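Contents: one structure, followed by commentary.
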Amino acid sequence: MSSLRLSYPKLSPAAYAGLIACKNALESSALSPELVELVYLRVSQINGCAFCLEMHTAALRKRGMVQEKLDALAGWRVSERFSDRERAALEWTEAVTLLSAQNTDDATWQRVKAHFSDAEMSDLTIAAGLMNAFNRIAVSLRQ
């Protein structure tokens, strides 16, 4: 693994603290901590952030997620290991992460929204956006 290019938490402490505050706020959202971690892990898979992959996989294992489910995450669309709510969250996560390729069109929105309240949709979107920000920083600066 490459060495850290810049110590961004030290060089940009206020901005980094804002990211951490957002992460902490999501921990008390109406979304389950497991679902938020699953979103973080899927975003990190898409973005290829090795540091985040290890961190979120460990967090999900600690919360009791079985290895077989973790192994199937990249193939969630065809795996029977995910609930309808998890599938909806993962669909939205991919749409938000791959925004220019997939877009968050009305059909996707309606399918996903059927499983979440307005506040949950807001938190789900922020969680996906936050992890994309963390991934882009970590991959670019070699976390």
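The values are calculated or read from the model by the stated rules, or taken from the named source; none is laboratory data. All values reported here derive from a predicted model rather than from experimental measurement. Every residue, glycine among them, receives a Cβ derived from its backbone with ideal geometry; neighbour counts consider all protein chains shown. Heads up: the accessible areas ignore ligands, DNA and RNA and are worked out on the full protein's heavy atoms, side chains in. Shrake-Rupley method; radii C 1.70, N 1.55, O 1.52, S 1.80 Å.
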message: Below 8 Å between Cα atoms, with a sequence gap of 6+, how large is the relative contact order for the range 11-141 in percent?
response: 35 percent
- prompt: Once the piece of chain linking Leu70 and Leu19 is laid out straight, how much longer is it, given 0.36 nm per residue of separation minus the C-alpha distance between them?
  reply: 15.8 nm
message: Within the range 24-43, list the residues whose amide N lies under 18 Å from a label point set 7 Å along Cα→Cβ of Arg81.
response: 34-43
- line: Distance in Å, no decimals, from the C-alpha centre of the range 5-42 to the one of the range 120-143 is 8 Å
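Take the Cα atoms of the chain, build their convex hull, and give its volume per residue in Å³. Let's see the in-between values first.
Values: hull volume 17.0 nm³, N = 143.
Dividing the Cα hull volume of the chain by its residue count gives 119 Å³.
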- prompt: Among the lysines, which have Cα under 22 Å from the Cα of Lys62 when same-chain residues fewer than 8 positions away are ignored?
  reply: Lys23
Under 5 Å, built H, 5+ apart or other chain: amide partners of Trp76: none
- prompt: Where is the GNM fluctuation largest for the chain (alpha-carbon springs, 10 angstrom cutoff): Arg42, Arg61, Arg87?
  reply: Arg61
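For the range 11-141, what % of the accessible area comes from carbon and sulfur atoms, probe 1.4 Å? Walk me through the intermediate numbers first.
Numbers: 3690 of 6630 Å².
For the range 11-141, the apolar C and S fraction of the accessible surface comes to 56 percent.
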field: Cysteines (scope the chain) whose Cβ has no counterpart Cys Cβ under 4.7 Å
entry: Cys22
- prompt: Which value, in nm² and rounded to one decimal, describes the direction-averaged projected area of the C-alpha convex hull of the range 1-55?
  reply: 4.5 nm²
